[in-house]
Each structure stands twice: as C-alpha cells, then as structure tokens.
Amino acid sequence: MTGRRANTDTETMSTERDATPSYELERAARSFGEGSTRVVALDAVTLTIEQGEFVAVVGPSGSGKTTLLQLLGALDRPTGGSIRFEGQPLEHLGDRSLAELRLRALGFVFQQFNLIPTLTAAENVEAGLTPLGMSAPKRRQAVDGQLAAVGLGPRALHLPGQLSGGEQQRVAIARALARAPRVVLADEPTGNLDSRNGEMVIELLARLHRELGITLVLVTHDEWIARRAGRVLRLADGRLVSGGATSLAEEVSQ
Amino acid sequence: MFYVRYMLAEVRRRRGRTALTALGLAVGVGLVVMLGALSKGLDEAQGEVLERLTGVGTDLAVSRPLAVPNDDAPGTGSADPFSGLSEEEQRQLERENGEHTAAFNYSDLGEPGERFSEVSLLSSGLSFPASAVATIGALPGAKDAAGGLTLTALRVEGVVPESGAAPLNPHGEGGFEFSETSVSGVDVRKPGLAIVTPDQVTEGSYLATARDRAMGEALVDLGYARQNGIAVGDSVKVAGAGLEVVGLTRAPLGGDGSDVYVELGRLQELSGRHGRVNGVLVRAASVDAVAGLAAEIDRQLPGAEVVTAADLVDRVGGSLDDADDLSSKLGTALAAVALAAAFLIATLLTLSSVQKRTRELGTLKALGWRQRLVVRQVTGESLVQGALGGLLGAVIGIAGATTIDAIGPTLEASVENPSSGGLGPFGQGGITAGTTDVVLGAPLDVGLLVLAIGLALAGGLLAGAAGGLRAARLHPAEALRSTE
C-alpha cells in the first residue's frame, strides 16, 4: 500500500480537518419534482460523522440510502438544510469545486463496480489518478501498489470483462483508494457478489479503514455486514430513524 | 499519455460503433472525393473540347464582317462604321468587296465554245491592314496577336457561251461548274496562335518556320485530302501556284477549318492582298483581361467583330454539357446531401454512444474528472473516428475515381451552327458543326484528398461537439443512477 497522504494538496485542503468531523448534516433534505409529483427522498436528516469512523447506512429500498450517499459524495446538492464536509458547506459550492473535492478527498465504490469496460484493470485505477496531474512514473507506481494491495497485481492487464465480480470490485476499491482519499463512500459494494467474494470485499474495506484511518461510509442491505461498522444509521422513508448522533453499534445486534 | 490511450482503447474496443461512425463519414467523404474528381474530369474534358473549338491559347478572334447595316436599330443604319476610315482604306475595302459582285466578261474567257477554268480568291469578310495586328497586339491586356487571311478559291469551269447568252444549266452539261476550296494564310512565326496549329497535324509536319521555305509548302485538311486523293508529298495548286503538301491536319471541331493552309505572305501575294489580313487571333494576358480587351478592340477597329472563347462555350452541347451540368448542379447537391447525411449519422451515433455510456461518464465525474476533461474525451474519440472515416473515405474516393478512369466513359460534345449564319468566330466562314467524343477521366489531386480528410475531421468534430455537450450536461448523480 502506498502512503495514505501522498498528495500534499489533500493534506492542505482543510487546515481544521483534524479538529472537525468529516460530515455535519443539519436538516439535510433532497426532493425531486415539484407539486403533486414531488418526491422527498431524504427528509431533514441531521447527523455527524467523525473522521476515521466506519458508518453503515441501512434501510429498505427507497429509504434514501443512495441519495444520502450521493449528497455525502458531493455528487448532488441538498434541496434543503445544509451539509458540511470538514467544516465546509457543500450546498454553496459550484460544480468545479465539487469536482475538485471529489478528486482530492473522496473515493467511491459502487454496487455495479462501474469500471470502464475498454480499459484494463491498471488503466481503470489510473483513470482515478490522471486528473491529479501526477507524473507518469509516480502514477504507475501508485497503480501497481494499489493493485498489489487488493491482491490483483497479476491481473493488471486484464479487461473488466476478463475478471470475476469480486476481482472487479477489488479493482474499483483500488481505484477509490489510489488517490489517498480521506473518505470512502461505498454503495452496496457486495450487492453483486456471492457471499464468499462479498466477505472478501468487506474484509478488504474494513482492513483499509483500520490501516489507513479513512472515514468509511457503507450503504448495505445486509445486517451482518452492517455489524462490522462502528455505527449504523437506519433510514426509513427518507428519515433517519436511529444512529444519527452517537455510536450505537449495539443497536445492530438488537 | 493516458487520455490518448483511453481514446484509442474506446475506438479499438468498441469496434462496431467505430466502424459504423467511420463508415458513415467515409461514404459521405468518398462521394465528395469521387464527385470532385469527376467534376475535374468533366472540366478537363470540356477544356479539351473548347481547346479544339478555340485553337490553342486563343482567347479572342477579330474579324470584320461584310454586313454593316444594323437591322435591329432602325434609324441608326446610316451610322456607317467605316466612315471613320481613311479614303485609301475605304477604297481597298470597296475593291475587295467588289469582287463578290464582279460579273464574268465572257469575252475574257476565250472564244465561244472553248472550255475555260477561272479561279477567284474571295474573302467572306473585309480585311484589315496587317498593321492592325501589331496595334491589337500592343493593346493593354493583349499578350500576343497573329494575323490570318482566309479566302475562298472559287473555281468556275465550263464552256465559253455565245456572247450574251447565259449558260443553259449552271451545273450541267454545257453550263458552268463551280467548286470552292477554302484557303488560309498562316503566320508561321506564331504557330501556336495560328489558324491551324502544330497540334492539329495528324500526318507529316507543320509548315516550316522559315518563311522562305514555308512559301512553297501547304497543309491540307484530312477530310479534303481524302476526298481529293491528296497525300503528304503531293502538290496542290492555289491560284495557279503549285505547293508541296507537307502535312495533313484535323479540322477543329467548331473552329474554322480550311481545306488548305499556306504561308500568309504567299497567300497575300497570290490573292493580290499585300499587307492585308482578314482575321486576327489574340491571346489575352489573363482571363480577366478578355472582356476589357474585346471592348478596346471594338473601339479601335471600326466594324470589327470580336468573338471571345467564352462565346463558343454556349455552342457546345451533347452529353458532355449535360454531364457538366449534372456535375455542377446535381453533383454538388448530391455531395452536400451525402455530407450532411454522413455528419448526421456520425452525430447521432456519438449521441447514442454518450447515452449508452452515461454511467461511465458519470463515474468519471465521480472520480473528479472536470467537465472539460469529459468533453475533451468524447470529442477526442469522435475526432479519431473522423480521422479513420477520412482515411477510409479517401480510399473509397480513390477507388471510385480509379474505377471511373479504368472504365473511361465516353461523352459526346456537339457544336451547332450559329443561328445568325454567315461568319464564324474567326470571320472566315461558318463554324464546323459536328460532334466529338471525349473520354471522361476522374483525376485526383492531393488537395482533394486533404479536403476529404478535413471534411471527415470536421464531421468528427461536429459529432464530438454534440456528444461532448450532452456529456457536459450530465449530472453526476443522475448519470450514476442510469441503468444503461
């Protein structure tokens, strides 16, 4: 594994980073449509996620899990309330600043892996590094290091179609971590995997969280996976029903 | 560089889409190349015919028609254009013109009942002093000028009738027989601008450039030679003088082919027209100078008729004309439609590709790719496809043009007699009406191929811009929700 804080820009992104939570949501809401067709996907959610926390978000389909994750990932803006990332309000940032934030601070892992089918495993990881403007040798070194860390060094030149689901998700994790993000957001990362591969992926994410001290927010249906998290946020009908303010890992077992 | 590798990977690994887009552009561009080459071929074919019409390098032909009164403008007929000429010049013209109305004095032909043969050299137009050639040649816009003299040798044969009695039958037994031979005098110092050019010699050689030698030589039109059994090396008689036939010539289509060509000075001498010419062939300094030069000649030479090469274009008909029309009108429209269709296909395919790759592009945005990078990626891929389409289109165009060249379709060019009748463009008789075949080629040049590739790139850029715009508008969260 390459050093976690390889990028100095990431380091200086927020000088108060160590003192402030990763996320502070104050009555954050997201609705779609207007009038009679208005759908409230997320309704007045207030919560705090501390740096280095491993938080699982659980809830039935349509409860707003993915919407919450997209708001946390600066992929979308709230229609109400506020979201602060390391003290910085996201709702007022422009597209360019949000892209910059995603590039330098956030990593994504998707249920469908979302690898680029025409690029090899190594090139997929490189796709996440390229906008940083790293030199080619440094980029190659980071790619090799990340693929080795997820156990896919020998599969570097394979296309996604030539890899198993578990391998593809490990490539996606390598891509997310290659830029040394401070937060990794994983949306149902085991949803398309069998139990063996799912377990392997969760083990990997949990280990990386422990070793690198990243903030990990993981959306899942699976209560057993949620149990691995330090805290579980429960959503129902767009509302946070438990786990918003304190660590309630014990709730999972109830 | 990663971005280039990504572009090439997209183009290489999405073969179906790449092939379809490139092929769409290639067909459009190939059609443009083929039509461009065909159009050039038609221009060359028309140029070839026009060259035969106008003579090599001749831009204007100046003559002085016999008919002076202006029927179209009643009341202006009295404005005789010759009134500005010197008395001597007027006398000369009257003398020449007078020959046309000269009646035979039978007693001059011999005793009644004797056979006679009389040759007169007549001009179908009025002549200029040879100095007019130099005057025209010195006008602004004129590059060179050469004088020519074309006459009709009218031979009358028959039996001298009793004094005062008209022949019983002008063409029958006991009457007179008329035969005409057209004879042109050639300025051998300017063969390229002469009435007959070295290019027209099909057998033997052209007149000698040395006037002393040329004075004893003659060129004979191929058709006239066949009709009269004349071959190179034979002798022909012009106004009683024996001349050696040194070459046979092909009559120019639509031009003013004469039966016999002799050295200008010799014809002037034989016809008693010392220092006179009745046609001036002029080469303009440039195409742009032709119109101004024609007007200036009109002004300087009273009674002159100036015919430009462009006037003759109207007289070319036949399938060549139709094909050129087709090339310039329908061909251009076809090329434009084909290109528009190709651009549309490329644009739609690129838009469809962006649609299909919504989640991929959304992922790139999630990875922190800025708008600019995503747009550049889509546009770049489209440009690579455009370049491939351009190269493929050039190959299709070259193949098409080569096929046309190999088949060598023949087009027909025809020239009609001028409706006004009388004088031809060079003032020495009617235009040779007829048809000629021209083999159509489709010549290619580098400029056309560069244009083809440029068009394909433009198509790629257009499609890429449309796709890039669509990609730029993608909202990352929505793009990631896409199920495609």
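Step by step: first the residues of segment A:25-62, then only those that are out of contact with any strand residue (DSSP E or B) (no Cβ under 8 Å at 6 or more places or on another chain) and in a loop (DSSP other than H, G, I, E, B), then the one that is farthest from A:Arg207 (Cα to Cα). Which residue is that? Explain how you work it out, then say what you get.
Step one: of segment A:25-62, the residues out of contact with any strand residue (DSSP E or B) (no Cβ under 8 Å at 6 or more places or on another chain) are A:34-37, A:61-62.
Pick out the ones that are also in a loop (DSSP other than H, G, I, E, B) and you get A:34, A:61-62.
Values: A:Glu34: 44, A:Ser61: 28, A:Gly62: 30 Å.
Filtering first and then ranking leaves A:Glu34.
Under 6 Å between Cβ atoms, which residue pairs at least 6 apart in sequence (or on different chains) link something in segment A:89-100 that is free of Cβ contacts under 8 Å to residues at least 60 places away in the same chain and closer than 13 Å to B:Pro476 by Cβ with a partner that is part of a loop (DSSP other than H, G, I, E, B) and not hydrophobic (A, V, I, L, M, F, W, C)?
What qualifies is A:Ala99/B:Gly368; A:Ala99/B:Arg370.
Just to be sure before I move on: is A:Arg170 in a loop (DSSP other than H, G, I, E, B) and basic (Lys, Arg) in the structure I sent?
no
Please go through segment A:122-154 and pick out each residue that is more than 21 Å from B:Lys356 (Cα to Cα), under 20 Å from the mean Cα position of the chain (by Cα) and hydrophobic (A, V, I, L, M, F, W, C).
Selection gives A:Val125, A:Leu129, A:Leu132, A:Ala142, A:Val143, A:Leu147, A:Ala149, A:Val150.
If you go through segment B:258-266 one residue at a time, do you hit one that is within 30 Å of B:Thr308 (Cβ to Cβ) and surrounded by fewer than 21 Cβ atoms within 10 Å (Cβ to Cβ)?
Yes - at least one qualifying residue is present in segment B:258-266.
On the given criteria, is A:Leu75 facing chain B (nearest Cβ under 9 Å), aliphatic (A, V, I, L, M) and touching a residue at least 60 places away in the same chain (Cβ under 8 Å)?
no
Given the conditions (1) within 14 Å of chain A (Cβ to nearest Cβ); (2) of a type in the set (Val, Ile, Thr); (3) out of contact with any Ser or Thr (no Cβ under 8 Å at 6 or more places or on another chain), which single one is not true for B:Ile396?
The single condition B:Ile396 does not satisfy is (1).
Out of everything in segment A:185-224 that is among the hydroxyl-bearing types (Ser, Thr, Tyr) and assigned to a loop (DSSP other than H, G, I, E, B), what residue ends up being nearest to A:Leu68 (Cα to Cα)?
By that ranking, first place goes to A:Thr220.
Out of the residues in segment A:99-147 meeting the condition of being in a loop (DSSP other than H, G, I, E, B) and of a type in the set (A, V, I, L, M), tell me which one is farthest from the other protein chains (Cβ to nearest Cβ).
Here is the first cut: in segment A:99-147, the residues in a loop (DSSP other than H, G, I, E, B) are A:110-120, A:133-135.
Applying the additional criterion that residues be of a type in the set (A, V, I, L, M) yields A:115-116, A:119, A:134.
Values: A:Leu115: 8, A:Ile116: 6, A:Leu119: 6, A:Met134: 10 Å.
Taking the candidates together, the pick is A:Met134.
Can you find even one residue in segment B:17-33 that is within 13 Å of chain A (Cβ to nearest Cβ) and farther than 19 Å from B:Leu440 by Cβ? Even if it seems obvious, please write down each step before you answer.
Step one: list which residues in segment B:17-33 are within 13 Å of chain A (Cβ to nearest Cβ), which gives B:17-18.
Cutting the leftovers down to farther than 19 Å from B:Leu440 by Cβ gives us B:17-18.
For segment B:17-33, residues within 13 Å of chain A (Cβ to nearest Cβ) and farther than 19 Å from B:Leu440 by Cβ: present.
Output the qualifying pairs, or none if there are none: Cβ atoms under 8 angstrom, residues six or more apart or on different chains, first residue in segment A:218-236 and over 19 Å from A:Gly62 (Cα atoms), second residue charged (D, E, K, R).
Matching pairs, first to second residue: A:Gly230/A:Glu53; A:Arg231/A:Glu53.
Could you tell me which residue of segment A:70-112 is nearest to B:Val374 (Cα to Cα), considering only residues that are small (Gly, Ala, Ser) and crowded, with 20+ Cβ neighbours inside 10 Å? Please lay out each step first, then the result.
Filtering segment A:70-112 for residues small (Gly, Ala, Ser) gives A:73-74, A:80-82, A:87, A:94, A:97, A:99, A:105, A:107.
Okay, now just the ones that are also crowded, with 20+ Cβ neighbours inside 10 Å, so A:73-74, A:99, A:105, A:107.
Numbers: A:Gly73: 19, A:Ala74: 18, A:Ala99: 12, A:Ala105: 20, A:Gly107: 18 Å.
Filtering segment A:70-112 for residues that are small (Gly, Ala, Ser) and crowded, with 20+ Cβ neighbours inside 10 Å, the one nearest to B:Val374 (Cα to Cα) comes out as A:Ala99.
For a quick check of your reading of the model, give me the residue pairs whose first member lies in segment B:177-205 and is in the same structural domain as B:Gly233 (by TED's automatic domain parsing), whose second is part of a helix (DSSP H, G or I) and polar (S, T, N, Q), with beta-carbon atoms closer than 8 Å and at least 6 apart or on different chains.
B:Gly185/B:Gln268
What about B:Ala9, is it outside any loop (DSSP other than H, G, I, E, B), closer than 30 Å to A:Lys138 by Cβ and either within 14 Å of chain A (Cβ to nearest Cβ) or at pLDDT 80 or above (or both)?
Yes, satisfied.
Inspect all residues belonging to segment B:232-253 and state whether any of them is crowded, with 20+ Cβ neighbours inside 10 Å, farther than 18 Å from B:Leu207 by Cα and out of contact with any Phe, Trp or Tyr (no Cβ under 6 Å at 6 or more places or on another chain).
Taking every residue of segment B:232-253 in turn, at least one turns out to be crowded, with 20+ Cβ neighbours inside 10 Å, farther than 18 Å from B:Leu207 by Cα and out of contact with any Phe, Trp or Tyr (no Cβ under 6 Å at 6 or more places or on another chain).
Which residues, taken from segment A:148-182, are among the charged types (D, E, K, R) and either within 11 Å of another protein chain (Cβ to nearest Cβ) or under 15 Å from B:Phe2 (Cβ atoms) (or both)?
Within segment A:148-182, A:Arg175, A:Arg179 qualify.
Please indicate, with yes or no, whether at least one residue in segment A:143-155 is in contact (Cβ under 8 Å) with a residue 60 or more places away in the chain, touching a Ser or Thr at 6+ places or on another chain (Cβ under 6 Å) and either closer than 11 Å to A:Val125 by Cβ or surrounded by fewer than 24 Cβ atoms within 10 Å (Cβ to Cβ) (or both).
Taking every residue of segment A:143-155 in turn, at least one turns out to be in contact (Cβ under 8 Å) with a residue 60 or more places away in the chain, touching a Ser or Thr at 6+ places or on another chain (Cβ under 6 Å) and either closer than 11 Å to A:Val125 by Cβ or surrounded by fewer than 24 Cβ atoms within 10 Å (Cβ to Cβ) (or both).
Where in segment B:258-317 are there strands (runs of 3 or more DSSP E), lying fully within it, with 3 or more residues that are modelled with pLDDT under 85? Quick ask: steps written out before the conclusion?
Details: elements: B:260-263, B:279-284, B:305-308.
By residue number, B:305-308.
Conditions (1) touching a His at 6+ places or on another chain (Cβ under 8 Å); (2) within 30 Å of A:Thr20 (Cβ to Cβ); (3) surrounded by 15 or more Cβ atoms within 10 Å (Cβ to Cβ), marked per residue:
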{"site": "A:Leu193", "(1), (2), (3)": "no, no, yes"}
{"site": "A:Gly198", "(1), (2), (3)": "no, no, yes"}
{"site": "A:Gly213", "(1), (2), (3)": "no, yes, no"}
{"site": "A:Asp222", "(1), (2), (3)": "no, no, yes"}
{"site": "A:Arg231", "(1), (2), (3)": "no, yes, yes"}
{"site": "A:Arg234", "(1), (2), (3)": "no, yes, yes"}
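The values are calculated or read from the model by the stated rules, or taken from the named source; none is laboratory data. All of these numbers come straight from a predicted model, not from anything done at the bench. So basically every Cβ, Gly included, is an ideal-geometry build from the backbone, and we count neighbours across all protein chains shown.
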